[in-house]
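Student: My questions will all concern the structure given below.
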Amino acid sequence: MSIFRNQKPKSCENAFGSSGGLLKNGFRVTGSADCFESSLYESLRDNVPVIDACISKIVRLAGDFKVVCENERSQQAIDEFVLNVPVGISGRSLQTFADMYLDALLTYGRSIGEYTVDSKTGQMSSLFVCDPELFEVLPDKTTGKPVFRFNGTRKTVDFKSPERILYTALNPTPKCPSGRSILRGIPALADILTTIYSCIGNNFDRAGNLRYAVTYKPSSEADKQFAAQRAKDMAAQWTDGMQSAKNGIMKDFVAVGDVDIKVIGAESGLIDTNIPVRQLIEQMISKLSIPPFLLGLNWSSTERMASQQADILTSELEYYRRLLTPVLVRVCKTFLTLAGEDTELEIVWANINLQDEEALARARLYNSQAEEIELRLSTMKGEDK
């Protein structure tokens, strides 16, 4: 059954993503400071391409996975589920759900999802990742479990099936139990960066579109009497020549007397922004733990991933995998339970360290070469005997 048909949201008290208020200047009009912060992070991804590229790269570098079950019958069922489970409106596969879930987790500091169950078959029918901006998450005072409330109205969400809710917090602290975005600390730098880019655009509007200053200096007292008329004639001829150039017709400008033509602003060049822009981007990508050259930023002709950078990136990706694994295990176990299967399973992630893959390939090559040499030596010894 469709996820929307299954939930049947009437106002804003059941399904995720059914309502979220109006948008004004990129921010949701609600009374929650946390909601404004989430909108700010989303605006950062919209306005600073390098930030969006970093998060997208992290999601892709997290890699793919496979679900391994103990018995063969369960393995066939889980393989079919992993490849074909509907996700949201148009998505399909558990990998798609994991990518969307991780993307929301990095951007907003928390990710909220839901799985639906078909009322006719009693089996899991689809997965859904909601908009975290619609909700604020607080710990229950007695149980410590997460309590979901609508942003703005601060009304507690009463789920018909709370056991179907999937929730993960990124970098939670006692002060921020609902998690903190990976973009925390970047807005101040992004504000300076967008200011620089705005100034660059304004400067090119002024200096890139050339404008000319035509100065006529009378050479004698007789010329001064006709200076106004001659200046008016030259202005008309200059305008006619510039308009003709737009239409592909080239005309020469002929003037009599001392006439000086200069480009306005040619004496002052554009400000070099390479150093401040690079410093700001370095701070951003260091916060996101992505090597610059993976984003197409070739600041050095010999830049490559050092072993230290690879280890740091690997540890970051493994941390995100540790956050995703419990959610994926819960989804897969629930699917098997509803399907009448009782077996243990594990999530096996693909290797993310390319240097390890290279070392393993080199080791296999050396072993093959050693086996070939040993085989030749044993053959030669047999022939001598």
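Student: Under 17 Å from the Cα of LYS57, which aspartates and glutamates turn up, not counting those fewer than eight places away in the same chain?
Tutor: Result set, ordered by chain and number: GLU42, ASP46, ASP99, ASP103, GLU282, ASP311, GLU316, GLU318.
Student: When you count, for each residue, the other Cβ atoms within 10 Å and take the mean per peptide, how do 339-347, 45-53 rank with the highest first?
Tutor: Working: 339-347: 14.7, 45-53: 17.1.
Ranked from most to least packed, the peptides come out as 45-53, 339-347.
Student: Show me the ranking of peptides 363-369, 212-218, 62-68 by mean Cβ neighbours inside 10 Å, starting with the highest. Don't skip to the end; give the middle numbers.
Tutor: Values: 363-369: 10.0, 212-218: 13.4, 62-68: 16.9.
Top of the packing list down: 62-68, 212-218, 363-369.
Student: With the cut-off at 27 Å, tell me which of the pairs LYS145/LYS175; LYS160/LYS333; LYS66/LYS145; LYS232/LYS262; LYS175/LYS287 have Cα atoms farther apart than that. Walk me through the numbers before you get to the answer.
Tutor: Numbers: LYS145/LYS175 16 Å; LYS160/LYS333 21 Å; LYS66/LYS145 30 Å; LYS232/LYS262 18 Å; LYS175/LYS287 21 Å.
Exceeds cut-off: LYS66/LYS145.
Student: In addition: For the stretch 159-206, place one equal point scatterer on every Cα, skip the solvent, and apply the Debye formula. What is log10 of I(q)/I(0) at q = 0.13, 0.32, 0.33 Å⁻¹?
Tutor: Debye output, listed in q order: -0.58, -1.04, -1.06.
Student: I need the calculated FRET efficiency for the pair PHE226 and CYS199, taking r as the beta carbon distance and R₀ as 56 Å, to the nearest 0.05. Intermediate results must be reported in sequence, preceding the final value.
Tutor: Values: r = 44 Å, r/R0 = 0.79.
Step by step, r from the Cβ atoms, then E = 0.80.
Student: Over the heavy atoms of GLU163, what accessible area does a 1.4 Å probe trace out, to the nearest 10 Å²?
Tutor: Counting only protein heavy atoms, GLU163 exposes about 100 Å² to solvent.
Student: With a ≥ b ≥ c the root eigenvalues of the C-alpha gyration tensor of the stretch 47-149, is it rounded (a/c under 1.5), prolate (a/b larger than b/c) or oblate?
Tutor: Values: a/c = 1.96, a/b = 1.23, b/c = 1.59.
Since a/c reaches 1.5 but b/c is at least a/b, the shape of the stretch 47-149 is classed as oblate.
Student: Return the Rg/Rh value of the stretch 104-197, two decimal places, where both radii are evaluated on C-alpha atoms and Rh is the Kirkwood radius.
Tutor: Working: Rg = 16.7 Å, Rh = 15.3 Å.
When Rh is taken as the Kirkwood radius, the ratio is 1.09.
Student: Taking R0 as 56 Å, what FRET efficiency do you get between ALA255 and ARG184 from their Cβ-Cβ distance, rounded to the nearest 0.05? Don't jump to the answer; show the numbers that get you there.
Tutor: Values: r = 63 Å, r/R0 = 1.12.
The formula returns an efficiency of 0.35 here.
Student: Still on this structure, please answer the following. Scale the Cα Rg of the stretch 147-263 by the rule-of-thumb value 2.2 N^0.38 Å and send over the ratio, two decimals. Mind showing how you got there, number by number?
Tutor: Working: Rg = 33.0 Å, N = 117, 2.2 N^0.38 = 13.4 Å.
My calculation over the Cα atoms of the stretch 147-263 gives 2.45.
The values are calculated or read from the model by the stated rules, or taken from the named source; none is laboratory data. Given the structure is predicted, the values throughout are model-derived calculations rather than measurements. With ideal geometry, Cβ positions are generated from the backbone for all residues, glycine too; neighbour counts draw on all protein chains shown. In case anyone asks, the SASA skips ligands and DNA or RNA and just uses the protein heavy atoms, side chains included. Shrake-Rupley method; radii C 1.70, N 1.55, O 1.52, S 1.80 Å.
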